[in-house]
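Presented below is the structure to which this report refers.
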Amino acid sequence: MRHLPAEPPAFFPRGPSPLARLALFGLTSIALLFVDTRYHYLEGIRSVATTILYPVQRAAQFPGELLSYVGSYFSTQRALNDDNAALRKQLVERSAAAQVAPAAQQENARLRGLLEVKARHMPAAVAVEVLYTSRDPFAQKLFVDKGTDADIRTGEAVIDADGVVGQVTRVFPYMAEVTLVTDKDHSVPVKVQRSGVRSVLYGAGAGRPPELRFMAPSADIQVGDVLVTSGLDGTYPPGLAVARVATLERDSGQMFARITCAPVAGVDRSAYLLVVGRPAAVPPRPEEPVDAEVAKKAGKGKRRAAGSP
Amino acid sequence: MVLPNIGQSAGPAPEEILRPVRPWFIVVTLALAFVANLLPATGVALALKPDFLALVLLYWCIQEPRYVGVAVAWLVGLVMDVGDATLFGQHALAYALLAYAAEYFRRRVLRFPPWQQAAQVACLLGLCAALVLLVRFVGGAPLPRWTYAVPPVVGALLWPAVTRVLQWPQRPQRSSAEL
C-alpha cells in the first residue's frame, strides 16, 4: 500500500523549503485577496479566465441536462396534460389583467401628462436561463446563460414571473452573475404597496429572511403587506414586487421595529428569469442629502453590491 | 473492499510496491475533480457535496510530493477561484496551506490503514475549510450555517474510496505478481 521511501536525501538541492514556499504563495494569495476585495483590479483577468473555463463549465452541466432530458422523455401523457391545463388556466387568469393593462397604461400616461410628471419608461428585457447556483456558501448568487453577448450590463434587475430575484453584478462574455435579494450585501429600495411608505430591504444571507431596517415602530406597515420596488435608486424599474412582510415586532422600547420579509419571487427555485434593463436615467442627486434616509443610503452605498449608480 | 484492512491494523499493513505514477494521470484526475466540483447541485446535495479538488490534491500531495506540492496546489486553487467566482486567492491560500500540511504530515498519515487515514484527512480538510471561513469572515461575509462543517466530513468518508481509485493504475497486475 505504501511507497518505498524514494526521495533523495536532504543534501541534494530541492529548491526552497516547503515552509518558504508556503510563505511565498500564502503572502501572494493574501495580496490577491486584498486587491480583489478593495480595488477590483482583477475583473479583467477574471473575465478572460472565465471565458476560457466556459466550455468546462458547460461540460459539467451536461450530466444534469442529460438526466433531466431522459426524465422529461419518460414523463407521462397524464402529467403533460395536467401541466397544459394548469398553464391554460393561468393564461386565462392573467389575460384579464393583461387586457386591462393597455387601457390603464394609457389612462396613467394621460393623467401623468396632466400632472406634468415625467413619463415612465419600461426598459427592454432579455430572457435567460439559470446555469447553476454558486457553490460559495457565503454568498447568495447564481449564474445565467447570457452575458455581454446579449448586451446585459451590470446593475440590471433580474425578475421572474412573480417578482424581483436580484441584480446582475458581474458580466462575462457568455454568462452573468446575479446577486440574489437574499444576499447579505444586497439591498433594494422598496415601498409598501398599500400605504406607499418607503424603505430599503436588506438581504441577510443564506437561510435568513431579508429585513426592513430603520423603520419606526409606528410606521404604517402590516404583516402580509407587499413591498414593491420604489425605483428611487435608478437601478430597479419601479413597481416590481419584491417581498411580503412575514413577521412584525413593534417594541416601543426599541428605536426601530423588527420586520422580516419573505421574497415573493422563486429566488431559489426559478429556472427561467428575465433581465430588465435600467430605467431612464434619473437626474443626479443634489449635493446635500435632504433627509436621513438618503444620507444613510449614500453612506452605505460604497460598500454594498446593490447600490445607487 | 476496504474493510479487511481494519482487521490487519493490529500489525503493519503488507508492503506493496506501487508502479511509478504517470504525470498525465495526475493532471487528468485533478481536471476531473475540478469538473466534479463544478457539477450543479442544490439543496441537500449541495450541503453534502465535498470539495473533490481538495481531496484529490491532498491525495497527490501525500503520495507524490515530488510532483504536487505547494506551488501546484496554489495554481489549482486559483483556477477553482475562477470556477467558483469567489474571491481571488481564497482557494489558492487554502489549498497552499493544505499542501503544506500534507507535506508535513504525510509520513505519519501513510503509516495508518485507510480508515484511520480518513480521520486525519478530516482534520486537514477541516483546516482548509476553516481557513476559507476565516478569510471570508475577515472580508465581511456572514457566518454560514452549521452545514458548512459537513463537506469535510463527507470528503474524509470518501478518502478510502478515492485512495483505491487513484491507486488503481499503479497497482501491480495480478498476472505479473504470479510470475
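Read-outs: derived from the displayed coordinates by stated rules, not from any lab. Predicted model only: the values in this text are computed from it and were never measured. When we count neighbours, we look across all protein chains shown, and the Cβ atoms used for this are built from the backbone with ideal geometry, even at glycine.
Taking neighbour counts of Cβ atoms within 10 Å as a proxy for exposure, in what order, fewest first, do A:Val100, A:Val128 appear?
A:Val100, A:Val128
With a 10 Å cut-off around each Cβ of A:205-212, the average count of Cβ atoms from other chains is 2. Considering helices alone, the calculated mean residue ellipticity of chain B at 222 nm is -22000 deg cm²/dmol, with DSSP H runs of length four and up weighted by -39500 (n - 2.57) and normalised per residue. Rounded to 0.05, the FRET efficiency of the A:Phe214 and B:Ala41 pair, given R0 = 41 Å and the Cβ-Cβ distance, is 0.65. Of the residues A:Val144, B:Val72, B:Val27, the one with the fewest other Cβ atoms within 10 Å heads the list, and the complete ranking is B:Val27, B:Val72, A:Val144. In the structure shown, the pairs A:Lys184/B:Lys49; A:Lys141/B:Lys49; A:Lys89/A:Lys146 are assessed against 26 Å; a Cα-Cα span above that value is assigned to A:Lys89/A:Lys146.
Under the simplified labelling scheme, the A:Ser68-A:Lys89 pair shows an inter-label distance of 2.4 nm, with each label point 7 Å from Cα along Cα→Cβ. Rounded to the nearest 0.05, what FRET efficiency is calculated for A:Leu80 and A:Gln193 with R0 set to 60 Å and r the Cβ-Cβ distance? About 0.95, to the nearest 0.05.
Extending 7 Å from the Cα toward the beta-carbon at both B:Gln167 and A:Ser252 defines two label points whose distance is 7.3 nm.
Note on B:Arg19 and A:Phe34: the model spin-label points, each 7 Å out from Cα along the C-beta direction, lie 4.9 nm apart.
Here the Kirkwood formula puts the hydrodynamic radius of the protein assembly as shown at 25.9 Å, using every distinct Cα pair.
Legend: ranking of residues B:Trp115, B:Trp168 from fewest to most surrounding C-beta atoms inside 10 Å; resulting order B:Trp168, B:Trp115. Mean Kyte-Doolittle hydropathy of 0.0 or higher plus an axial Cα length of 18 Å or more: which whole DSSP H helices in chain B meet both? Span-like helices, by this rule, are B:23-38, B:70-84, B:90-110, B:114-138, B:150-167.
Net charge around A:Arg269, counting only other residues with Cβ within less than 12 Å of its Cβ (Lys, Arg = +1; Asp, Glu = -1)? Net charge around A:Arg269: -3.
Using 12 Å as the cut-off for backbone N distance, which residues of the range A:262-278 belong to the label zone defined by a point 7 Å from the Cα of A:Val226 along Cα→Cβ? Once the point is set 7 Å along Cα→Cβ of A:Val226, A:264-265 turn out to lie under 12 Å by backbone N, inside the range A:262-278. Here A:Thr148 and B:Gln116 are evaluated by their C-beta separation; at R0 = 56 Å the FRET efficiency comes out at 0.60.
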